[in-house]
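A.B. asks: What follows is a structure written as structure tokens; I'll ask about it next.
The values are calculated or read from the model by the stated rules, or taken from the named source; none is laboratory data. What you are looking at is a predicted structure, and each value in this text was computed from that prediction instead of being measured. Counting neighbours? That spans all protein chains shown, and the Cβs are built from the backbone with ideal geometry, glycine included.
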Amino acid sequence: MTQHAGSMITFNRPDGQALQGYLAKPEKVAGAPAIVVIQEWWGLNDQIRGVADRLAKSGYLALVPDLYRGKATVEEEEANHLMNGLDFADAASQDVRGAVDHLKTLTNRVGVTGYCMGGALALLAATQIPGLSGVVAWYGLPPLEYIDATKITAPVLGHWGMQDQFFKPEAVDALEKKLQDNKVSVEFHRYLAHHAFANETAVGPGRIAATQYDPVWAQLAWDRSLTFWGKTLWA
């Protein structure tokens, strides 16, 4: 197991249910803005904790809500099963909202980011949670009809792989148009990359065939994200 800098905390959803999450803190907590990080379909694993740690090193409070309630997997079939068992509307309006509300007790500047399944949830959360400062979606989007773009007030940054077999370029184009048509501040970047191109564990024989880590694109997308957070969360 990797050593992680953060720790597990408990916070409440709007409906009062308790939920756990992984919280990574920056060196200087006072005045730091915060980001909710939403997992891929694997669960709250080492890799997504590493994303939160990396954000903390960049000066952010980063909280990963445990959407699967303690379960995580490396098996594609089980991950699919866990994801299909997740109530997306509940996860966005309660789990992610609870994480945002908890961070709002520490700072008034909170953003949401997510990867794969979490990218779709980040976009859903943008339609359901008022007062977000920014949203960054990494190669994941929900069905277009689930997105009420009139409800999105936060600027949106998106990173998409043009060789992604799970989320097709045409769907990304349609989402971008929908957001633009509704005057959402949107910035989409497209990379000659496969799904999960920013997940450093998507390498070698254990990875899903349609995923592939790309360190060059991953670094560029990360830098663009930090620039975006710099504009939206430190203003």
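A.B. asks: Which ones in segment 202-235 are of a type in the set (Val, Ile, Thr) and surrounded by fewer than 18 Cβ atoms within 10 Å (Cβ to Cβ)?
C.D. replies: Result: Val203, Ile208, Val216, Thr227.
A.B. asks: For segment 124-232, list the strands (runs of 3 or more DSSP E) that sit wholly inside it and hold at least 1 residues that are farther than 26 Å from Ser93 by Cα; which are they?
C.D. replies: Strands (runs of 3 or more DSSP E) meeting the threshold: 156-161, 186-191.
A.B. asks: Would you be able to say whether some residue in segment 104-116 is assigned to a helix (DSSP H, G or I) and either buried (at least 24 other Cβ atoms within 10 Å of the Cβ) or at pLDDT 95 or above (or both)?
C.D. replies: Within segment 104-116, one or more residues are assigned to a helix (DSSP H, G or I) and either buried (at least 24 other Cβ atoms within 10 Å of the Cβ) or at pLDDT 95 or above (or both).
A.B. asks: Would you pick out the residues in segment 10-36 that are of a type in the set (A, V, I, L, M, F, W, C), in contact with a Phe, Trp or Tyr (Cβ under 8 Å, 6 or more places away or on another chain) and touching a residue at least 12 places away in the same chain (Cβ under 8 Å)?
C.D. replies: Passing the criteria: Leu19, Ala32, Ala34, Ile35.
A.B. asks: Determine the pairs where a residue that is at positive phi, located within segment 184-213, has a partner that is surrounded by 19 or more Cβ atoms within 10 Å (Cβ to Cβ) and of a type in the set (Asp, Glu) with Cβ atoms under 9 Å apart, the partner being 6 or more residues away or on another chain.
C.D. replies: Ala196/Glu40; Ala196/Asp164
A.B. asks: Further question on the same structure: Determine which member of the set Gly111, Gly50, Gly70, Gly43 is touching a Lys or Arg at 6+ places or on another chain (Cβ under 7 Å) and under 25 Å from Thr2 (Cβ atoms). Let's see the steps before the verdict.
C.D. replies: On the way: Gly111 fails: touching a Lys or Arg at 6+ places or on another chain (Cβ under 7 Å); Gly50 fails: touching a Lys or Arg at 6+ places or on another chain (Cβ under 7 Å); Gly70 fails: touching a Lys or Arg at 6+ places or on another chain (Cβ under 7 Å).
So the residue among Gly111, Gly50, Gly70, Gly43 that is touching a Lys or Arg at 6+ places or on another chain (Cβ under 7 Å) and under 25 Å from Thr2 (Cβ atoms) is Gly43.
A.B. asks: Test of understanding: among Arg69, Arg54, Arg49, Arg13, which residue is of a type in the set (Lys, Arg) and in contact with a Ser or Thr (Cβ under 8 Å, 6 or more places away or on another chain)? Reasoning before the result, please.
C.D. replies: Values: Arg69 fails: in contact with a Ser or Thr (Cβ under 8 Å, 6 or more places away or on another chain); Arg54 fails: in contact with a Ser or Thr (Cβ under 8 Å, 6 or more places away or on another chain); Arg13 fails: in contact with a Ser or Thr (Cβ under 8 Å, 6 or more places away or on another chain).
Of the residues listed, the single one that is of a type in the set (Lys, Arg) and in contact with a Ser or Thr (Cβ under 8 Å, 6 or more places away or on another chain) is Arg49.
A.B. asks: For segment 125-138, enumerate the residues that are in contact with a helix residue (DSSP H, G or I) (Cβ under 6 Å, 6 or more places away or on another chain), over 19 Å from Phe11 (Cβ atoms) and buried (at least 24 other Cβ atoms within 10 Å of the Cβ).
C.D. replies: Gly134, Val135, Val136, Ala137, Trp138 - these are the residues of segment 125-138 that are in contact with a helix residue (DSSP H, G or I) (Cβ under 6 Å, 6 or more places away or on another chain), over 19 Å from Phe11 (Cβ atoms) and buried (at least 24 other Cβ atoms within 10 Å of the Cβ).
A.B. asks: Mind checking whether some residue in segment 100-120 is of a type in the set (A, V, I, L, M, F, W, C) and in contact with a His (Cβ under 9 Å, 6 or more places away or on another chain)?
C.D. replies: Yes, there is a match, as at least one residue in segment 100-120 is of a type in the set (A, V, I, L, M, F, W, C) and in contact with a His (Cβ under 9 Å, 6 or more places away or on another chain).
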